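Contents: one structure, followed by commentary.
The values are calculated or read from the model by the stated rules, or taken from the named source; none is laboratory data. This is a predicted model, so every value here is computed, not measured. Backbone-built Cβ (ideal geometry, glycine too); neighbour counts: all protein chains shown. We work out accessible area using only protein heavy atoms, side chains counted, and drop any ligands, DNA or RNA first. Shrake-Rupley method; radii C 1.70, N 1.55, O 1.52, S 1.80 Å.
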Amino acid sequence: MSIDLGMPAPPAPTLAPRRVSRQLNVGGVLVGGGAPVSVQSMTTTLTSDINATLQQIAELTASGCQIVRVAVPSADDAAALPAIARKSQIPVIADIHFQPKYVFAAIDAGCAAVRVNPGNIKQFDDKVAEIAKAASAAGTPIRIGVNAGSLDKRLLAKYGRATAEALVESALWECSLFEEHGFRDIKISVKHHDPVVMINAYRQLAAQCDYPLHLGVTEAGPTFQGTIKSSVAFGALLAEGIGDTIRVSLSAPPVEEVKVGNQILESLGLRERGLEIVSCPSCGRAQVDVYTLAEQVTAGLEGLPVPLRVAVMGCVVNGPGEAREADLGVASGNGKGQIFVKGKVIKTVPESQIVETLIEEALRLAEEMGEDLPEELRGLAPVVEVK
């Protein structure tokens, strides 16, 4: 006799309330002011290669990127901005260093926003009035992006190194210069490679202004290290309600940055979860190869556009409970697996059929939810009879 325990109610949100900030419109994506936290990345192509840059932007868009930044270190890059800004599917931010003339080129090109790094633009403070006037006329927001590696020499001399206090003072000083000219369409980043310094800088900044904040751990490192550092830093701040848009900086293809960024937001309940695989770490109790099962199910459902939680469990201790709480799951043991759908056991299959069955049931659930499956998954979906 089986007892239907039903599906549990979702847990109540536990994060702190979002910090109250101004709101910017970055090419149609709202940032701050209670808008959902957005995910950004940056192209790695030469911006002057318009086709390659647009191709990479398309890949980033498909992976869930909402705002993209392009580097503008040369006149050829600046000349490419109008075409890129016009043809990109998502808002384009021009990233400006060293040459203030490219700030005006980016504004004229119709970029959704411009990022400036005051620490490495000569006599930047003298250009603020002109930049504020041009940006205000065009309705172009400005990101003041302070980096530990390119901090103003005056502040390095004052603090001795790129401390949290130095980063914050630099950002707020530049904001004050724009404010003198009535310009407040600003967002701020104060990035550091050390998550502890970065967290302290953003906490101080959040307490001292109401501008929206762009979170980032700069030069975070290769994929594994950078993911850990970014997750720790973003998790601490976002859990306190600090942060309005994020960019994960990895020494990896930019699509990987977007995947990590989206996963961080999903894990904190700041974005609707997509496909989530719940799987046990395996132990001496496991009677099936959990690692392989989880990897095969993940690979088989890649690109599934529905918020499904799929549990792949390897023993009878936690397996039935986790599988019952998921939308779809398997509790494995003794060479077979019990398949759960929405809290109920629907069948028991041999171990060799677990992956195939989970994929079929996931696709069936997706179709029942009215989702259009990606082309590569349509041939795998079972035929569902409509009565």
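Does segment 174-188 contain any residue that is among the aromatic types (Phe, Trp, Tyr) and either part of a strand (DSSP E or B) or crowded, with 23+ Cβ neighbours inside 10 Å (or both)? Full working, then the answer.
Keep residues of segment 174-188 that are among the aromatic types (Phe, Trp, Tyr), which gives 178, 183.
Now restrict to residues that are either part of a strand (DSSP E or B) or crowded, with 23+ Cβ neighbours inside 10 Å (or both): none.
No: zero hits.
Starting from segment 49-65, keep only residues that are under 16 Å from residue 81 (Cα atoms) and modelled with pLDDT of 95 or more, then list their pairs with residues that are surrounded by fewer than 17 Cβ atoms within 10 Å (Cβ to Cβ) and of a type in the set (Ser, Thr, Tyr) whose Cβ atoms are within a distance under 9 Å, requiring at least 6 positions of separation or different chains.
Listed pairs, sorted by first residue: 56/44.
Find the residue count for segment 86-103, including only residues that are closer than 21 Å to residue 247 by Cα and either without any contact (Cβ under 8 Å) to a residue 12 or more places away in the chain or open to solvent by 30 Å² or more (accessible area, probe 1.4 Å) (or both).
Adding up the residues that qualify gives 2.
Spot the failing condition for residue 78; the list is (1) without any contact (Cβ under 8 Å) to a residue 12 or more places away in the chain; (2) more than 18 Å from the chain's Cα centre (by Cα), and only one is missed.
(1)
So for segment 159-166 (the condition being among the acidic types (Asp, Glu), crowded, with 16+ Cβ neighbours inside 10 Å and either closer than 15 Å to residue 117 by Cα or touching a residue at least 12 places away in the same chain (Cβ under 8 Å) (or both)), does at least one residue qualify?
Our first condition is that a residue be among the acidic types (Asp, Glu); within segment 159-166, this holds for 165.
Narrowing the set further to residues that are crowded, with 16+ Cβ neighbours inside 10 Å leaves none.
So far as segment 159-166 goes, no, none of its residues is among the acidic types (Asp, Glu), crowded, with 16+ Cβ neighbours inside 10 Å and either closer than 15 Å to residue 117 by Cα or touching a residue at least 12 places away in the same chain (Cβ under 8 Å) (or both).
Residue by residue, here is whether (1) assigned to a loop (DSSP other than H, G, I, E, B); (2) among the hydroxyl-bearing types (Ser, Thr, Tyr); (3) under 26 Å from residue 174 (Cβ atoms); (4) open to solvent by 10 Å² or more (accessible area, probe 1.4 Å) holds:
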| residue | (1), (2), (3), (4) |
| --- | --- |
| 252 | yes, no, no, yes |
| 260 | no, no, no, yes |
| 270 | yes, no, no, yes |
| 278 | no, no, no, yes |
| 291 | no, yes, no, yes |
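Given the conditions (1) closer than 30 Å to residue 17 by Cα; (2) open to solvent by 40 Å² or more (accessible area, probe 1.4 Å); (3) at pLDDT 85 or above, which single one is not true for residue 326?
Unmet condition: (2).
Give just the number: which of (1) within 26 Å of residue 129 (Cβ to Cβ); (2) in contact with a Cys (Cβ under 8 Å, 6 or more places away or on another chain) does residue 258 not satisfy?
Of (1) within 26 Å of residue 129 (Cβ to Cβ); (2) in contact with a Cys (Cβ under 8 Å, 6 or more places away or on another chain), only one is false for residue 258: (1).
Taking segment 116-158, which residues are open to solvent by 10 Å² or more (accessible area, probe 1.4 Å), under 26 Å from residue 219 (Cα atoms) and of a type in the set (Lys, Arg)?
122, 153, 154, 158
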